[in-house]
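Just so you know, all these numbers are worked out from the coordinates, no wet-lab data involved. All of these numbers come straight from a predicted model, not from anything done at the bench. All Cβ positions, even for glycine, are placed from backbone atoms using ideal geometry, and neighbour counts span all protein chains on display.
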Amino acid sequence: MNPKYGADQSSISGIILNDAAGLDMYWPSTAVPSKKGGFYDYQNTCTNDPETWKYASPIYFIAQENPPFLILNGTKRLEGVIKTNKNFVTKLKEV
């Protein structure tokens with residue numbers, strides 16, 4: 001969804017998310033205390049720069065041009081995954 005990666009949105013018929021994590025790496029990494037080695041520890045896999053996490057998070061690139069989404073959520077999920085999925089759906093509906 002980030003235009004930097006050059007995906008032609010018109011060539012994508014749809015996007016399926018299955019208990020997606022990483023939809024918003026910025027929010028939990030800045031708003032929730034770090035859990036070293038856990039869900040909120042993006043420093044080991046990405047960088048220690050929250051702005052980079054934001055740049056890699058699809059929630060900040062939701063646009064009218066995005067293809068349709070099918071979003072599946074399980075019942076046994078981490079709190080952060082639940083919240084970011086709900087936030088993502090809310091933002092999709094707004095757009």
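By other beta-carbon atoms within 10 Å, ranking Tyr26, Tyr55, Tyr5 with the fewest at the front produces Tyr5, Tyr55, Tyr26.
Rounded, prolate or oblate: which one fits segment 55-95, using the alpha carbon gyration tensor with axes a ≥ b ≥ c (rounded when a/c is under 1.5, else prolate when a/b beats b/c, else oblate)? Prolate. Per-residue extension of 0.36 nm, minus the Cα-Cα distance of Asn73 and Tyr55, leaves a gain of 4.1 nm for this segment.
Compared with the alpha-carbon gap, the fully stretched path from Ile12 to Val89 is longer by 25.8 nm at 0.36 nm per residue.
Pulled fully out, how much extra length does the chain show between Asn48 and Ile82, if you take 0.36 nm times their separation in residues and subtract their Cα-Cα distance?
Result: 9.9 nm gained on full extension.
This ranking places Met25, Met1 by how few other beta-carbon atoms lie within 10 Å of each, fewest first, which gives Met1, Met25.
Among Val95, Val81, the ranking by other beta carbons within 10 Å of each residue's beta carbon, starting with the fewest, stands as Val95, Val81.
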